[in-house]
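What follows is a set of notes on a single structure, which appears directly below.
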Amino acid sequence: MARTSSAASEKSLYGVHPGVATMQKWVSELKEKTGRSLEEWIALVKKDGPAEEASRREWLKTKHKMGTNSAWWVAERAAGKGGEDSSPEEYLAAAVRWVEEQYSGKKAALRPVYDALLELALKQGPDTKACPCKTIVPLCRKNVFAQIKPTTNTRLDLGLFLRGQRAPRRLIPTGGEAKGDRITHRIKITSTAGIDDEV
């Protein structure tokens, strides 16, 4: 059995994304629900399925009546991708890599801004955690309350969940409130000096 997310994240700056537990549950129940384990599905796709990943997803859905998420995950694994969400340890290793990639190259100058925002976010309570994805870093307590995103080479956006609240002028609506998205407003930040009391 995989180590718990709390054990895996003891020495990490980041917390384990809730999606890891979802994926572990899916893998553990796959054979009972479909008659094949993940490894057996991967072998079948490689042997009998189409060559292209998108075609494999469609083949799994139409020929094998697999749900969209399951078809996506199996096709991805058969292509040698994914896997970062298979265990807390693999996720945390990938999380560090994803953040490094987000702030490399032309966006490297934004890394001190990200680090300062992350430090501020993690002080919001002992249950606050950052759970990086490939392009953003969501900040969570019970649910996502904010996210840090390197939007351009010179600007980060601090996205916030402020549904139904009057926002100060500095906050830019994302359109998320009307669409039902989690992040409803954002603040543009270009330097550590922009992380003021209002932020």
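The values are calculated or read from the model by the stated rules, or taken from the named source; none is laboratory data. Only a predicted model underlies this, so the values are computations on that prediction, with no experimental measurement involved. Cβ placement follows ideal geometry from the backbone for every residue including glycine, while neighbour counts extend to all protein chains displayed.
Side notes on the structure shown:
- Residue selected from the stretch 33-78 under the condition small (Gly, Ala, Ser) and part of a helix (DSSP H, G or I), by the criterion farthest from the chain's Cα centre (by Cα): Ala43
- Any chance Lys81 is among the charged types (D, E, K, R), farther than 28 Å from Tyr14 by Cα and outside any helix (DSSP H, G or I): no
- Hey, Val113 at pLDDT 95 or above, in contact with a Ser or Thr (Cβ under 8 Å, 6 or more places away or on another chain) and part of a helix (DSSP H, G or I) or not: yes
- Gly159 meets each of the listed conditions (1) more than 19 Å from the chain's Cα centre (by Cα); (2) closer than 25 Å to Asp196 by Cβ; (3) not hydrophobic (A, V, I, L, M, F, W, C) apart from (1).
- Within the stretch 52-66, being loosely packed, with under 12 Cβ neighbours inside 10 Å and within 18 Å of Gly35 (Cα to Cα) holds for Thr62, Lys63, Lys65.
- Residue match in the stretch 133-151 (condition: under 20 Å from Gln102 (Cα atoms), part of a strand (DSSP E or B), of a type in the set (D, E, K, R) and touching a Leu at 6+ places or on another chain (Cβ under 9 Å)): yes
- Some residue of the stretch 158-168 being free of Cβ contacts under 8 Å to residues at least 40 places away in the same chain, closer than 20 Å to Gly15 by Cβ and touching a Pro at 6+ places or on another chain (Cβ under 6 Å): no
- Selected residue (criterion: surrounded by the most Cβ atoms within 10 Å (Cβ to Cβ)) from residues of the stretch 116-149 that are among the basic types (Lys, Arg) and out of contact with any helix residue (DSSP H, G or I) (no Cβ under 7 Å at 6 or more places or on another chain): Lys129
- Test result for Thr22, surrounded by fewer than 17 Cβ atoms within 10 Å (Cβ to Cβ), at pLDDT 90 or above and of a type in the set (Val, Ile, Thr): no
- Taking the criterion of being surrounded by fewer than 16 Cβ atoms within 10 Å (Cβ to Cβ), of a type outside the set (D, E, K, R) and modelled with pLDDT of 85 or more, the residues of the stretch 173-198 that qualify are Thr190, Ser191, Thr192, Ala193.
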